[in-house]
Amino acid sequence: MRYEDLKDYTSRIQSCRFWTQEDPPCGRSRAVPPVVNEILPTQKYLIISSDPAADTDKQRDSDTPASDFACRFLALLFLGDDTSDRAEVALRHYSTLSTVFVRNFYWTHYCKCHAFGRPNSFCARNYLSHEIELAQPIELIVSLGSKPVDFLLGKRPLKDRVCRVLDYRGVPLIASLHPSKDWNTGRRDEYQFYETWKLVRGKIRLSPRDYQVLNMLGINLAL
């Protein structure tokens, strides 16, 4: 990772002037600021989602989830399921799990602001490709939903891409249905959701230190 360059670049993204404009070229109908997540030089896995969750608040302290989705995603990644019970476990151990997550994963977005259900390609075209270049070397890209993977690999039905290891410029990429409880839960079997996440979890390799931290919580990421 070109750590300092990536930090400077994401600072530019966060300082985007368009989100405050009345008729911005990105098409935002409501003024919401860009979301940039923490960057560490140890990060070797990349998550790309369509846009930040509606309730994302990066001003919360590190022991508090930045959004409701944050806990469910940690449960899915580390516990293999994002049911309410598993999300409760992730919430109890949020500080520890989020620390392990941030040490290993850089999370970015196809659209940098919450898109109110209509993310377009403006941010991706202007930022995403170079952002990925600066984050290299990456051991795995995980794409949530069709927008990011269509941008990177060209348009194709998401069903044809899930539960497979794809290739983006020499980097393995796994595409998943977006793990949203709001509208995608009923389509999970159709999109091989849990099979896809078993594949993702099987590709993750953490440091001995991080495995020890997870084991102390009774979590075994290794399949």
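For this structure, a couple of remarks:
- Close pairs (8 angstrom Cβ cut-off, 6 or more residues apart or separate chains): in contact (Cβ under 8 Å) with a residue 40 or more places away in the chain and closer than 15 Å to ILE48 by Cα in segment 165-176, among the hydroxyl-bearing types (Ser, Thr, Tyr) and surrounded by 13 or more Cβ atoms within 10 Å (Cβ to Cβ) anywhere: none
- Candidates THR42, THR64, THR83: the one that is within 29 Å of ASN220 (Cα to Cα), among the polar types (S, T, N, Q) and touching a residue at least 60 places away in the same chain (Cβ under 8 Å) is THR42.
- Restricting segment 7-51 to residues that are within 15 Å of the chain's Cα centre (by Cα) and of a type in the set (Asp, Glu), the residue that is farthest from VAL149 (Cα to Cα): GLU38
- Some residue of segment 179-201 being of a type in the set (Gly, Ala, Ser) and modelled with pLDDT of 95 or more: no
Yes or no, residue by residue, for (1) of a type in the set (D, E, K, R); (2) over 13 Å from the mean Cα position of the chain (by Cα); (3) part of a helix (DSSP H, G or I):
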residue	(1), (2), (3)
ASP82	yes, yes, no
ASP85	yes, yes, yes
THR96	no, yes, yes
ARG118	yes, yes, no
SER129	no, yes, yes
LEU134	no, yes, yes
VAL142	no, no, no
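- Applying the condition of being part of a loop (DSSP other than H, G, I, E, B) and within 19 Å of ASP82 (Cα to Cα) to segment 202-222 and asking which residue is modelled with the lowest pLDDT yields ALA222.
- Test: residue in segment 181-195 that is exposed (fewer than 14 other Cβ atoms within 10 Å of the Cβ), assigned to a loop (DSSP other than H, G, I, E, B), in contact (Cβ under 8 Å) with a residue 60 or more places away in the chain and basic (Lys, Arg): yes
- Residue in segment 119-126 that is of a type in the set (Phe, Trp, Tyr), under 17 Å from SER180 (Cα atoms) and surrounded by fewer than 21 Cβ atoms within 10 Å (Cβ to Cβ) present: no
- Hey, LEU166 more than 26 Å from CYS113 (Cβ to Cβ), among the aliphatic types (A, V, I, L, M) and surrounded by 12 or more Cβ atoms within 10 Å (Cβ to Cβ) or not: yes
- Subset of segment 106-118 (residues that are loosely packed, with under 15 Cβ neighbours inside 10 Å and in contact (Cβ under 8 Å) with a residue 40 or more places away in the chain): PHE116, ARG118
- Of the residues making up segment 60-93, those that are over 19 Å from TRP183 (Cβ atoms) and at pLDDT below 90 are ARG60, ASP61, SER62, ASP63, THR64, PRO65, ALA66.
The values are calculated or read from the model by the stated rules, or taken from the named source; none is laboratory data. The shown structure was predicted, so the numbers you read here are calculated from the model rather than taken from an experiment. Cβ sites come from the backbone with ideal geometry, for glycine too, and all protein chains shown count toward neighbours.
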